[in-house]
Every structure is written in C-alpha cells, then in structure tokens.
Amino acid sequence: MDSTSPSFQVMDSQFDSESSWITVMCQASRFQITVSLKDLRGICFELEYSELVAKVDQMDGGADDDYDALCSWIVEPCFSYFRECTSHIPKDLTFEAFYYPPTYHLKIIVSGSSLYAKATRDRHTINPFALMIPSRDLPQYPKVCRSRASDIQIVPAITGTYDYMSETPHVKMAIGLLFDFIPSIGESLQSRQCKMASEHHAKWRRQVTAIVKELHSHDIVWGNVHPGNIVIDMNFDAWVVDFGDGWIEDFVDRKKAGIKEGDWQVVQRIFENWITR
C-alpha cells in the first residue's frame, strides 16, 4: 500500500470459495464490499481469488499475512470510491455519526485487465438514527445523564484517525454501560503474583466459568478473552472484563474468535495449559 492509499480498518469479513464479503471503515464511512467467483471466471483473477481464499481456509489461528493479503486484494480496487465518498467528512464527529456512519455497498468486478468496484444497492438496510433517540420509557432518575447521540462530540486521535474497533452492531445496541466497581488489588491473572497463587486457580476457574455461562445465557460473547482480562479483586475472587472485539492467537483460533465456542476454548487453554507453565 503506497503513501497515498486511504487509511482503513477491516471490521468484519466472511470468506468462501464461491463468494466473500468484507466490511471496512474509512474516514467515518462504512463500506460493505462483496466479491463473487462467478464474476471472475475465465480470467487470471479467478485463480488469484481461489488461491487467497484457500490459504485463509487453511489457517487455524496462524499468521495474519494470508488474511491481510486477501483483505487487501478485495479492498484496494475500492480506494477511488473511498476517496470520493469521504471527501466531505468533517474532522470532528458526533457520537451519532461515528457509530452510525453512511454505508456504501460495493461489488468487485473485472474491467479489461483490472479489478474495480461497482456501487450496488442494499435492500435490507434500516434507518439507524431513529434508534438513537433516548427512550421516554426509561425511569427519570435525576442522577442519570441523558444525552442525544447528535450532541456528543468525538475527536480523532492526533494521527487524524478513529478507532472503530469498539463499533456496536446495529441489531443489538448498547449505548450506555453501567459497571460495578471491582475493589481490585491492581492485578490480573496475567501477573506473576496471581499466576503463582496455585491455591486459588481452581476457584478462579469456577468463577470465570460461572460468569461466562451467565454471559452466554443472555447471548453475550466475552470475545476479548485472555489472562489480562481476568481481574483478581481484594478478596482473591476472579472477574472478567473488557467485552468486545479483539483476540490473541495464542489463546483462541481465528475462526472461533468472537463466538461462544471461542470463549470456552480460551478458558480451557488458560486454566489447563497457560497457567501451569
């Protein structure tokens, strides 16, 4: 990628030998990009696509190079659309604009000897902005601050980019979260002190297991599971924190990251392998 290429982040993806899609954020705009093998048949791009997908399918929590290569192969033909659609985006955004950006649907097709992106229509979109209005059914607690998303400003980092990895799915939104205060000793399971406290390991596994079961019963995935996100409090009880995107390949296979099965894989690897090293 050259220095003139727009900065983007891959938010989600699904790859298959017949068709694939990828969701990309670029300058507070979302791009849903699809590619179908039938549109590539009989030309060199058919083989390129098939080989890239095959390498990703063979991955089992391995290196990211093959995944990144396939993402770049799909995204790079869309750069001209990225520039055109994001030229009007202001530097400072509202919470509403950040979490519910304009969405553009693109399809990768062939023109001559090159790949390029063609705009398509999505017939299944909803109007997310109606969901951003504070509900009047909420109790009128005097100490609870109520703000419209359009009144909250988000300022980009010094680099001029935004962190989209905390994006909330439109189907199940959580605009505000109330956390219990954990009287922590300032340590996580990743610390040497906690890792060496073998007399507590069985209890911590039971506690983490109970919490994960409770999360899953409400259809919530822990997601970002690793020893650093298991906090030990002053009573030497274990708590899990930091729900959302992110994964560490030493603990979970890529294909299981972000799903319930992946949560259990990490819990098992932590308490049966990692903590005993």
List pairs: first in the range 14-28 and touching a residue at least 24 places away in the same chain (Cβ under 8 Å) and assigned by TED's automatic domain parsing to the domain that holds Tyr49, second assigned to a strand (DSSP E or B) and surrounded by 21 or more Cβ atoms within 10 Å (Cβ to Cβ), Cβ under 7 Å, 6+ apart or cross-chain? Ser20/Val35; Ile22/Ile33; Val24/Phe31; Val24/Ile33
State whether the residues of the range 18-38 include one that is basic (Lys, Arg), in a loop (DSSP other than H, G, I, E, B) and more than 30 Å from Asp92 (Cα to Cα). no
Name the residues in the range 234-273 that are over 18 Å from the mean Cα position of the chain (by Cα) and outside any loop (DSSP other than H, G, I, E, B), would you? Ala238, Trp239, Val240, Trp264, Gln265, Val267, Gln268, Arg269, Ile270, Phe271, Glu272
In the range 257-277, the residues that are free of Cβ contacts under 8 Å to residues at least 12 places away in the same chain and either within 19 Å of Asp242 (Cα to Cα) or buried (at least 20 other Cβ atoms within 10 Å of the Cβ) (or both): Glu261, Gln268
Quick one: Asp57 ticks every box in (1) surrounded by 14 or more Cβ atoms within 10 Å (Cβ to Cβ); (2) in contact (Cβ under 8 Å) with a residue 12 or more places away in the chain bar one, so which box is it? (1)
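The values are calculated or read from the model by the stated rules, or taken from the named source; none is laboratory data. Keep in mind that what you see is a predicted model, and the values were worked out from it rather than measured. Heads up, the Cβs are rebuilt from the backbone with ideal geometry, glycines too, and the neighbour counts pull from every protein chain shown.
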